[in-house]
Amino acid sequence: MSSEAQASLQSVTKNFDGAIAVDDLSLEIMRGEFLSILGPSGCGKTTTLRMLGGFLIPDVGEIFLGGVNVTGVPPYRRDVNTVFQSYALFEHLDVADNVAFGLRRKRVGKPEIAKRVGEMLDLVGLRERARAKPAELSGGQQQRVALARALVNMPAVLLLDEPLGALDLKLRREMQIELKRIQREVGVTFVFVTHDQEEALTMSDRIAVMNHGKLQQVGRPAEIYEAPVNEFVAGFIGASNLLPGTVTGGHVALSGGVQMRLDGSRASAFRDGEEVVVSVRPEKLTITQPTPDTWVHVDGRIVDVVYLGAATNVTLEAGGDLHLLAIEFHASGRQQDRLAPGTEVAVSWDPEDALVLSNSRQVADDPPPQPKET
């Protein structure tokens, strides 16, 4: 465990009735960072969070907080607090008393309680609602009370289990900004579990991507988005065109006879005949505009157009017979007038903007059975 780490999971495995929930996971969480654990339902992210909090004990491996091994230590003896999606506020207590609850259990003096509760309510912008009951608050306000109650004891690590999941989209986005602001102001290490890619990209200093109980990639949001290490990460983080192909003679042969060249360093990473996946982000594509000869050029027909306001998602079919090259991209403004189903178009991209990834389907077609996260 490095000296900069606030928490660490080392080779942690957790099984439920023979089904692997978390599989040999090692992860260091740096002091004062906002780390998001991101993945689809059943990937093991909530199980990981509960092991950090002491609600579950790993079958194998160790957990450290502040350099201390806490693997078998119960939740109430760990320097962590948890905010759940349900908030779990005490309905019979007002806002101030909800926030003060943990301090009173620790027998903190009344003047100190009043001071710290006031500071927390100022931090979350609820000083004027101190005497309101939870039932009188909006969902966003209740979430802030739960956050203030968890932070008032200034834990070393705050665990957040999809706390924005019950909010509507507009409020959810507002709270994303607020949560990040609060985390920066208090300097507490946040570990945030979510299945929402946009949420993780918006809020995180680093993102840990999980799938089938295994850690897939850890990095800054830009690293995860621009340089995914495998097909799963490329497809799960944001929109991406994942185009199957075969390496041959310094090129990748895609469906419909389309060829994409590989430079020397990338060509040497794959052997001739190897099946790969080319990942191209929608914003890297150009439609019906002059482009250099070195770019990949695809002719096709628009089969679907979905208007999303700021952008339009267009799906193109290219190639022939049973092999279709589906490309999704974003367009706006005057381009939308030319993007109608049935229109023949040309799409291009710079090979430098595409990632070539090993085809994960060659490794394992059928993942092991996974338990439901609770």
Can you tell me how many residues in segment 235-248 are buried (at least 20 other Cβ atoms within 10 Å of the Cβ) and within 22 Å of Gly273 (Cβ to Cβ)? 3
Can we say Ala7 is in a helix (DSSP H, G or I) and under 22 Å from Glu185 (Cβ atoms)? no
What strands (runs of 3 or more DSSP E) completely inside segment 16-93 contain at least 1 residues that are touching a Ser or Thr at 6+ places or on another chain (Cβ under 8 Å)? 19-30, 34-38, 60-65
Single residue of Pro290, Pro341 found to be more than 15 Å from Ser240 (Cα to Cα) and modelled with pLDDT under 85: Pro290
Failed item, numbered, when Arg220 is tested on (1) free of Cβ contacts under 8 Å to residues at least 60 places away in the same chain; (2) under 19 Å from Leu123 (Cβ atoms): (2)
Can you find, within segment 94-122, the residue that is surrounded by the most Cβ atoms within 10 Å (Cβ to Cβ) among those that are more than 24 Å from Tyr76 (Cβ to Cβ) and under 32 Å from the mean Cα position of the chain (by Cα)? Leu121
Applying the selection to segment 258-306, what residues are exposed (fewer than 12 other Cβ atoms within 10 Å of the Cβ), under 20 Å from Ala346 (Cα atoms) and not charged (D, E, K, R)? Gln289, Pro290, Pro292, Thr294, Val306
Among the residues listed as Arg149, Arg173, the single one being basic (Lys, Arg), within 23 Å of Arg105 (Cβ to Cβ) and at pLDDT 85 or above: Arg149
Would you mind stating whether Thr71 is crowded, with 22+ Cβ neighbours inside 10 Å, in contact with a strand residue (DSSP E or B) (Cβ under 8 Å, 6 or more places away or on another chain), polar (S, T, N, Q) and touching a residue at least 12 places away in the same chain (Cβ under 8 Å)? no
Can you find a residue that is in a loop (DSSP other than H, G, I, E, B) and β-branched (Val, Ile, Thr) anywhere in segment 114-131? yes
By residue number, the members of segment 270-296 that are over 15 Å from Glu352 (Cβ atoms) and of a type outside the set (Phe, Trp, Tyr) are Arg271, Asp272, Gly273, Glu274, Glu275, Val276, Val277, Pro282, Ile287, Thr288, Gln289, Pro290
Picking from Val252, Val278, Val298, which residue would you name as being touching a residue at least 12 places away in the same chain (Cβ under 8 Å) and under 25 Å from the mean Cα position of the chain (by Cα)? Val278
Any residue that is closer than 26 Å to Leu201 by Cα, of a type in the set (A, V, I, L, M, F, W, C) and assigned by TED's automatic domain parsing to the domain that holds Glu136 - is there at least one of those in segment 86-99? no
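To keep it simple, each residue is scored yes or no on (1) at pLDDT below 90; (2) in contact with a Lys or Arg (Cβ under 9 Å, 6 or more places away or on another chain).
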{"residue": "Gly72", "(1), (2)": "no, no"}
{"residue": "Gln85", "(1), (2)": "yes, no"}
{"residue": "Leu93", "(1), (2)": "no, yes"}
{"residue": "Asp97", "(1), (2)": "no, yes"}
{"residue": "Ile113", "(1), (2)": "no, yes"}
{"residue": "Gln143", "(1), (2)": "yes, no"}
{"residue": "Asn153", "(1), (2)": "yes, yes"}
{"residue": "Leu158", "(1), (2)": "no, no"}
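The values are calculated or read from the model by the stated rules, or taken from the named source; none is laboratory data. If you're wondering where the values come from, they're calculated on a predicted model, not measured in any experiment. Positions of Cβ are backbone-derived with ideal geometry, glycine not excepted, and every protein chain shown enters the neighbour counts.
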